[in-house]
Every structure is written in C-alpha cells, then in structure tokens.
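See structure below.
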Amino acid sequence: MTLTQRKPRPLDRDSTTYRDDRLFILACDDTYAPKQYFSFFQLTRVHVHVVPTEDGTSVAQHVLARLLDIKHEPDDHLWLVLDTDHCIEGTHLRSFTQTLREARESGVQVALSRPCFELWLLLHHLKRNHVEGLADAKAVTAALKKVPGGYSKIELKKD
C-alpha cells in the first residue's frame, strides 16, 4: 500500500508547512473509532494519519504488515495501536508478543490499550478510579454507552 506522493508532505497538511512538522502514521486494529478520535484534534505542527483495519484482518501481525507497507519518509513516526482485550490470553499471546518484538525491531512505536481503545474515550467522561473495575471490552463499551450522548463506534461525535 502506498500513500499519495507527499510533496509537500504529509497527507493532510494545510498550505503552510514547516521543516519540523511531524507526521505520525498509526496503524490500528479497529475500523472506526481511532480514525475518528484522532481527527478531532486540530494540531498545527503535528499531523496524524490513521490506517484503520478495512479488510477485517485485525490480528496484530496483519496490522503491523499494513503499517510497514506504507511508503513513508525516515523522519515520520510509525505507531502500532492495538487493543489487548483478546490478544493476551491463550494461543494469541505468542504471536502477539512476536509482533510487538518485530515492531520494535523495525523502529515502530507501540501503544497498547487495555482492554480496548474505547477506554480512552471513556476516560474523557469518567475519572480513572471509576473505570479501574472494568475488566473487559464489553464492560468498557457498556459504560461508554451510558455517558451523555451515548456511544456509537461508527459515529463518535454527533453534531
């Protein structure tokens, strides 16, 4: 996969660019939430491009492969953003930890959500001590649906 040619770089910069602007390319195991979440931030010198899961392959090794396939410049920041809700137990653990090792060896930074990305969304509404007892992704999602405005994975921000 290649991104559009970036001259001037990166993908979504406005007309004013600076030599020290930063591009963060994030590959995630989710289709909707992270891409929407990071689009809410209006940053002037930091640009974020989220590579969502679009083909149903959200296993860590596939997410890393998508990220490494993207054409990027040496000073771009590559991040692997993964949930741990179903990857840190049983037979998944070995391939998950191997993928994390490969990411670090490739210069890719890793951000893990435990149990899931939606926890970050919930922390915008509740204090940490109110979410500590939520053991899994189902509990986090249920709590998120109770916050004012509700929760929809497909449409995070409702106008």
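The values are calculated or read from the model by the stated rules, or taken from the named source; none is laboratory data. Model, not experiment: these values are computed from the prediction. Every residue, glycine among them, receives a Cβ derived from its backbone with ideal geometry; neighbour counts consider all protein chains shown. Please note that ligands, DNA and RNA were not included when accessible areas were found on the heavy atoms of the full protein model with its side chains. Shrake-Rupley method; radii C 1.70, N 1.55, O 1.52, S 1.80 Å.
Details
- Residue within region 53-60 that is in a helix (DSSP H, G or I) and under 17 Å from the mean Cα position of the chain (by Cα) present: yes
- Looking only at region 129-156, residues that are open to solvent by 40 Å² or more (accessible area, probe 1.4 Å), small (Gly, Ala, Ser) and modelled with pLDDT under 85 come to 3 in all.
- Of all the residues in region 32-78, those that are hydroxyl-bearing (Ser, Thr, Tyr), free of Cβ contacts under 8 Å to residues at least 40 places away in the same chain and within 22 Å of Cys116 (Cβ to Cβ) number 4.
- Scanning region 76-85 for residues that are open to solvent by 40 Å² or more (accessible area, probe 1.4 Å) and modelled with pLDDT under 90 yields a single hit, Asp85.
- You will find that of Leu126, Leu112, Leu68, the residue that is open to solvent by 50 Å² or more (accessible area, probe 1.4 Å), assigned to a helix (DSSP H, G or I) and modelled with pLDDT of 80 or more is Leu68 and no other.
- Looking across region 86-109, just one residue is part of a helix (DSSP H, G or I) and either over 18 Å from Ala60 (Cα atoms) or at pLDDT below 80 (or both), and that is His92.
- Taking first residues from region 124-148 that are touching a residue at least 40 places away in the same chain (Cβ under 8 Å) and charged (D, E, K, R) and partners that are open to solvent by 50 Å² or more (accessible area, probe 1.4 Å) and not in a helix (DSSP H, G or I), the Cβ contacts under 8 Å between residues at least 6 apart in sequence or on separate chains come to Asp136/Asp85.
- Enumeration of residues in region 29-65 that are open to solvent by less than 20 Å² (accessible area, probe 1.4 Å) and either of a type in the set (A, V, I, L, M, F, W, C) or within 22 Å of His92 (Cα to Cα) (or both): Asp30, Ala33, Val50, Val51, Pro52, Thr53, Ala60, Val63, Leu64
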